[in-house]
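The values are calculated or read from the model by the stated rules, or taken from the named source; none is laboratory data. Just so it is clear, the structure is predicted and the values come from calculations on it, not from any experiment. Here Cβ is always computed from backbone atoms with ideal geometry, including for glycine, and neighbour counts include all displayed protein chains.
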Amino acid sequence: MGKNTLYKTKLGKYLIGDSVELINKKLIKSHMNKVNLIITSPPFPLNQKKRYGNKNGEEYKEWFIKLAPLFSELLTPDGSIVIELGNAWEAGKPIQSVLHLESLLGFLKHPEADLNLCQELICYNPSRLPSPAQWVTIERSRTIDSYTHVWWMAKSINPKADNSKVQRPYSKSMLALLKRGKYNSGRRPSDHVVSKESFLTDHHGSIMPNFIELDKMEENKEWRLPENVIRLSNTNSNDSFLRICREKKITPHPARMNPGLVAFFIEFLTNPGDLVFDPFAGTNTTGYVSELMGRNWLSVEAEEEYGKQAIIRFEAQDIKVNSKK
Ligand SMILES: C[S@@+](CC[C@H](N)C(=O)[O-])C[C@H]1O[C@@H](n2cnc3c(N)ncnc32)[C@H](O)[C@@H]1O
C-alpha cells in the first residue's frame, strides 16, 4: 500500500494528506484527464475555527481559487466538478459575508482552469437548525439559513449528463392527466403556449428542477428519485453511521455531505466504471456512495481521524476494506 493510503476497497482508495500537495506531487501525473467527476464540500470559511482546519477571509479565497486549475487538469474532457458550499456570515453582525460567492466566482473564472458554470443548484435542508442563532432565534431579525449552493462546472459546455436518469416519480395529478389523455392547451398567463400534445407522452417521471430538497431524499419521506438511487440512499442513510459512532463513542465529523445528494450527481453525471474524486473527503460519503453505485473512486483527507471514521461506512455494509491499521 502507498505511503499516503489509509485503506482500499475493490473500487477505490482513501489517501491521507493535504489535497493541494498530493494533487501537485502525485495525482497530476497519475490521474491527469482521468477523473469523470470531482464532487466535494470543501472546508468552509469560518469566523470561529471548527474542528477541522479552516482558513479565513482573503487567505481562504486565495487558497480556494488556486484549486481550479488543479481540479481542471484532473478532469476528462467531458467531466464535471460539483462543489457544495453553504452561506457565510460576518462575525458578530446580522449580515451575510460574500466570501463564499467571491471564492466560487474566482474559481470559475480562473484563467488557467477554463471552466464553465453548467448550472447552480440549490440544496434546501428543511431540517436545518435555526442559524445564525443570534439573529434568527434571539433577535428574531433574520430567517433560517437553510440552503447550500451547489455549483456544477465543467471544461466542456456539454459535459456528460443525463437528466432522464434522475427523474422524479410523477405527481398524482400528472398520472391522472396521462390517464385522462387531455388537458387545457393554449396560451398561459406567462405567455407560454402549451400545445395539445405536450404533456401526453409518458416519460416515466418528471424532470428534476435545480432545487433539491434533502428531506425528500431521506428515509420514510416521499421518494423523489429513481429506484436505484432510492435503494442506495435507503441503505446508506447517515443514521447507521451515527449509530455506530455512538456505540463506539466516536464524535462524528461535524459537516458530512448528504449521501442522497452525492448519489444524485453520480447518477446524473457519470456511468458505472467512471472515476469519482473527492479532494476533501471527510467521512468519505463520496467514496462510499461511489462504491455502492459501481463507480471507481479516489478520496483525499487531511485528518487521519476522519479517515478512520470513514471506514465505518463500509464495514456497516459488509464491504471489504483493506486497511493499513
Ligand atoms: C466539509 S468537510 C467534508 C465532509 C465530507 N464531504 C463528508 O461527507 O464527510 C471538509 C473536509 O476537508 C478536510 N480538509 C481541510 N483542508 C484540507 C486539505 N488541505 N486537504 C485535504 N483535506 C482537507 C477537513 O478535514 C474536512 O474533513
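Points worth noting:
- Restricted to the stretch 281-303, and to residues there that are near the ligand (Cβ under 10 Å from one of its atoms) and among the charged types (D, E, K, R), the residue that is farthest from residue 266 (Cα to Cα) is 303.
- Matching helices (runs of 4 or more DSSP H) fully within the stretch 250-325 where at least 1 residues are of a type in the set (Asp, Glu), assigned by TED's automatic domain parsing to the domain that holds residue 16 and free of Cβ contacts under 8 Å to residues at least 40 places away in the same chain: 304-316
- Counting only helices (runs of 4 or more DSSP H) that fall entirely inside the stretch 1-109 and contain at least 1 residues that are away from the ligand (no atom under 12 Å from the Cβ) and in the same structural domain as residue 274 (by TED's automatic domain parsing), the qualifying elements are 28-31, 57-65, 67-74, 99-108.
- Only listed residue being surrounded by fewer than 23 Cβ atoms within 10 Å (Cβ to Cβ), more than 10 Å from the ligand (Cβ to nearest atom) and modelled with pLDDT under 90, chosen from 244, 311: 244
Yes or no, residue by residue, for (1) crowded, with 20+ Cβ neighbours inside 10 Å; (2) under 20 Å from the mean Cα position of the chain (by Cα); (3) of a type in the set (Asp, Glu):
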residue	(1), (2), (3)
101	no, yes, no
121	yes, yes, no
140	no, no, no
143	no, no, no
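- Complete set of residues in the stretch 191-237 that are within 22 Å of residue 177 (Cα to Cα), surrounded by 12 or more Cβ atoms within 10 Å (Cβ to Cβ) and at pLDDT below 70: 223, 224, 225, 226
- Within the stretch 48-95, considering residues that are touching a strand residue (DSSP E or B) at 6+ places or on another chain (Cβ under 9 Å), of a type in the set (Asp, Glu) and surrounded by fewer than 17 Cβ atoms within 10 Å (Cβ to Cβ), the one modelled with the highest pLDDT: 78
- Top-ranked residue in the stretch 247-280 [being within 24 Å of residue 216 (Cβ to Cβ) and acidic (Asp, Glu); ranked as farthest from the ligand (Cβ to nearest atom)]: 267
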